[in-house]
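Accompanying notes for the structure given below.
The values are calculated or read from the model by the stated rules, or taken from the named source; none is laboratory data. No experiment lies behind these values; they were computed from the predicted model shown. For neighbour counting, all protein chains shown are included, and Cβ atoms are generated from backbone atoms with ideal geometry for every residue, glycine included.
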Amino acid sequence: MEFFQETFDYHINWKSTGHHPGQHKSAQRGMGIEFAGHATLLDYPDPRRIDIRQTIRDPFEQIQVRIFNQRSATPVMIITDLSASMNFGSQKTKLEYASEIASVITNSVTAKSDAIGFIGIEDVINPEWVARLSYKSYRTQYLIDRLSNYQAKKSGHHGIKSVYQFLPKDKTLVFFISDFHMPIEDIKESFSLLGKHQVVPIVLWNKSEYENLPNFGILTVSDPESGEESTMLLRKNMKKRIQENFNERKKLLERIFIQLNSPAFFVGEKFDPLQMTEYFNEYFHA
């Protein structure tokens, strides 16, 4: 099955404030099945909901109706890192992987009738890489398709600190796709500004960065703290050091994201929608 046909199941663990009908728990009154209490017929004029037993028990002899919460849509945004480190990859770059993953996210969001938007971040956020929240995914899909052929410029990730300004006011489910080769303090600062939203960090690490390395050869590496690239002569002991550094970095990112209430989802050579479904079942109980 091609990636553009795949979906995964996700849910939120808060009540949506959206008015648009959808599949998530909501604080909006409507024709749903979640019982929310009683009200008088004058306050909630819907004779179809009259509760005879509650009306008989009412000491003020008011006609009582049952009120329910409807199921509503929730906003979903995709944030994708467009910095230079995302060019890495031989058969596929990280940007190509990001495009495929973003397509699966969009398919999943559309299947649930949720609104979708997209933001690409470099050192600044270029409006050309922003698709505002919409129930029609055309603009978002256009940017995702563009992403698959994009060659990141010599730019960094500093736009991450202002990305909160482009998100909806209501609580939003945010999928953040990046290799997170950036200073930990920048991650902490930007995620603290996203605190009102639920962020899912999708961490793209290609095994050829750290695992499938030759014992000897020339290697170009990107410093995860500074983002600067350097070339080195790779030897066996240096290969071991690189692998140890990546393992330590992974443990650090896992710990930091847990502290930020945003558990990380690591992707190696392939994005598995079933594992993403399991991720939501584990961390975001409905």
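Among the residues of region 135-151, which ones are more than 18 Å from the chain's Cα centre (by Cα) and within 19 Å of F176 (Cβ to Cβ)? Scanning region 135-151 gives R146, S148, Y150. Where strands (runs of 3 or more DSSP E) fall entirely within region 160-268, those with at least 3 residues that are surrounded by fewer than 13 Cβ atoms within 10 Å (Cβ to Cβ) and at pLDDT below 85 are at 217-222, 229-234. Within the set I79, I125, the sole residue that is buried (at least 20 other Cβ atoms within 10 Å of the Cβ), modelled with pLDDT of 95 or more and touching a helix residue (DSSP H, G or I) at 6+ places or on another chain (Cβ under 8 Å) turns out to be I79. Of F60, F88, all but one fail to be at pLDDT 80 or above and surrounded by fewer than 16 Cβ atoms within 10 Å (Cβ to Cβ); the exception is F60.
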